[in-house]
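**Q** One structure coming up, written as structure tokens, with questions to follow.
We did not get these values from a lab; they are worked out from the coordinates using the rules stated. Being a predicted model, the structure only gives us computed values, none of them experimental. Glycine also receives a Cβ, built like all others from the backbone with ideal geometry; neighbour counts cover every protein chain displayed.
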Amino acid sequence: MAIIWRKNAFFFHTVSALFIIGLLPFFLFDKVTFLIMVKQWHHPIADVIAPYLTWLGDGLTYGFFVSMITLLGISCRKIMITIGSFGCMSIVVQLLKRFFFIHDLRPILLVPTDANLHIVDGVELLTTLSFPSGHSGTIFALVSVIQLLVKKRKKIYSIALLLLALAVAYSRMYLCQHFYTDVYVGGLIGTVASIVVYLFCIHFHSVHWLDRSAFFFIMQHVKNKFIKE
């Protein structure tokens, strides 16, 4: 763990600082009041961008990312880390959503009507299963996986990844789909899930095929199937 921390020191220090500072709204405001404060700012350009930006935290986008890196010849170990991070995050998020916090309602049902929340046209407003945010969990899992797997760990890349994750998480609030508590916990789950899965998968040194290209095995399977036919 110490080696991994040193290799990704800037990323870990920055994301840790973000989550620590991010605790402040929990002590200063209730979730409804804080959302109303955040939603006081809105802009036509943001109305256009937010619905597209939020899809970066969708499971389909994550699946597309996995498909792309597989075709690019990434190793089976890295594929396992990528898929495992999403799977671990999803299990935790869905357990919390559907068993422990199943009665948590979305902002549209809890914010007073006289608050005059800005609603973006064309966006379907969900009403249930608010806590935690799956989109936030997905995007934080994704950026954490990218950070852990890339070889060149420049600070500018880490900053760009974290800004992207924050933007997607914020879009969930901007679109009135989640409260701050939802996106904060979702992001935390996604980050921790990626780190745990990475640490678990990186130690399988005895399984040599894990470091072979996943694309190689796919092509071998296709080739063998073609020969049989």
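**Q** Sort the chain into rounded, prolate or oblate with this rule: let a ≥ b ≥ c be the square roots of the eigenvalues of the Cα gyration tensor; rounded if a/c is under 1.5, and if a/c is not under 1.5, prolate when a/b is larger than b/c, oblate otherwise.
**A** prolate
**Q** Further, regarding this structure: For a quick check: with amide H placed at 1.01 Å from N, whose amide H comes under 5 Å from ILE74's, ignoring anything fewer than 5 positions away on the same chain?
**A** Long-range HN contacts for ILE74: ALA214, PHE215.
**Q** Then there's this: Which whole-angstrom value gives the distance between the alpha carbon centres of the stretch 113-149 and the stretch 55-93?
**A** Value for the Cα centre distance between the two parts: 18 Å.
**Q** Given 5 Å bins starting at zero, what is the percent of C-alpha pairs of the stretch 11-140 in each, up to the one with the largest pair distance?
**A** 2, 8, 12, 16, 21, 18, 11, 6, 3, 1, 0
**Q** Just grab the label-to-label distance for ILE4 and LEU125, each label 7 Å out from Cα along the Cβ direction, in nm (one decimal).
**A** Result for the modelled spin labels: 4.1 nm.
**Q** Same structure again: Can you tell me the FRET efficiency between PHE200 and TRP55 if r is taken as the Cβ-Cβ distance and R0 is 25 Å, rounded to the nearest 0.05?
**A** Computed FRET efficiency for PHE200 and TRP55: 0.30.
**Q** Along its three principal axes, how long is the stretch 1-86 when you only count alpha carbons? Whole Å, largest extent first please.
**A** 46, 36, 19 Å, listed from the longest principal axis down.
**Q** Further question: Identify which of LEU149, LEU53, LEU23 has the largest mean-square fluctuation in a Gaussian network model of the chain, with springs joining Cα atoms closer than 10 Å.
**A** LEU23
**Q** What helices does the chain hold that run 30 Å or longer along their axis, going by alpha-carbon atoms, with a Kyte-Doolittle average of -1.0 or more, using DSSP H for the helix calls?
**A** What comes out of the filter, once short or polar helices are dropped, is 180-201.
**Q** Could you give the length gained by full extension between ASN116 and HIS42, i.e. 0.36 nm per residue of separation minus their alpha carbon distance, to one decimal place?
**A** Here the answer is 25.4 nm.
**Q** Sort 132-142, 25-35 by packing, meaning the average of other beta carbons within 10 Å per residue, with the highest value first.
**A** 132-142, 25-35
**Q** Separate question: Run lengths n ≥ 4 of DSSP H only: what is the helix-derived mean residue ellipticity at 222 nm for the chain, with -39500 (n - 2.57) per run over all residues, to the nearest 500?
**A** -21000 deg cm²/dmol
**Q** Working out 0.36 nm times the residue gap between PHE101 and THR14, then minus their Cα-Cα distance, what length gain in nm do you get to one decimal?
**A** 28.4 nm
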